[in-house]
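The values are calculated or read from the model by the stated rules, or taken from the named source; none is laboratory data. All values derive from a computational prediction rather than experimental measurement. A quick note on method: Cβ atoms are made from the backbone with ideal geometry, for glycine too, and the neighbour counts reach across all protein chains shown. SASA here: full protein model, heavy atoms, side chains in, ligands and nucleic acids out. Shrake-Rupley method; radii C 1.70, N 1.55, O 1.52, S 1.80 Å.
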Amino acid sequence: MRNLQTPISDDDLAGLSVGDKITISGTIYTGRDAALPQLVELIERDEVPFDLNGTAIMHTAFSDAGIAPTTSSKVEIESTIAPLSESGVKVHIGKGMLGDDTLNALNNNNSIFVITPPVAALLTSKVLKKKCVLFENEGMEAMFELEVDEIPGIIAIKDGKRI
């Protein structure tokens, strides 16, 4: 098992393959149906208040009850993966099957899709700190910055291939 530390570079992804088990540590961001389309709008206006280059985004809401991935193939989420990858996001963490266009966008931007078990207690235990960074009015669907230690996952899409 290999641990990826944010920010993640192209070199960090070299040698990884579909099916590899990884962990991710460092700063990651959360977002889902409400936040991710708004983040893409901020990208288009060049108004993102933090650097997306080398980041990881988990498709989840965040509450005191914990975190667990939501379905990434929802239109509101999957439609954001290509522009987020183009803006430097290296790892998208979620669950579910993504379409061919998304697979190609990930490949073209040397980004990966990682699935993680929907086990809220396990994932929540990996969160060291949290801070709301965007869209506070969305409540638990706001965008949070999390400091995490070894979020587990399996690479589901890389280099134009999928599990």
Report the equivalent ellipsoid semi-axes for the stretch 78-163 in whole Å, largest first, defined as the square roots of five times the eigenvalues of the gyration tensor built from alpha carbon atoms.
24, 17, 11
Rel. contact order, % - alpha carbon contacts under 8 angstrom, at least six apart, the chain
31
Where in the chain are the DSSP H helices whose C-alpha atoms run 15 Å or more along the long axis and whose mean Kyte hydropathy is at least -1.0?
75-86
Dimensions of the stretch 9-105 along principal axes (Cα, Å, largest first)?
34, 32, 29
Across Lys130/Lys161; Lys90/Lys126; Lys21/Lys126; Lys21/Lys158, pairs whose alpha-carbon gap is larger than 23 Å:
Lys130/Lys161
Share of the stretch 25-119's accessible area from carbon and sulfur, percent, 1.4 Å?
46
Considering only DSSP states other than H, G, I, E and B, which trypsin sites (Lys or Arg not before Pro) in the stretch 31-78 qualify as loop sites with at most 11 other Cβ atoms within 10 Å?
Arg45
Treating cross-link reach as a plain straight distance, find the aspartates and glutamates whose alpha-carbon is under 16 Å from the alpha-carbon of Lys131, omitting any fewer than eight places away in the same chain.
Asp51, Asp64, Glu141, Glu145, Glu147, Asp149
P(r) histogram, all alpha-carbon pairs of the chain included - 10 Å bins from 0, percent:
11, 46, 37, 6, 0
At the level of C-alpha centres, the distance separating the stretch 42-64 and the stretch 13-38, in angstrom, is 11
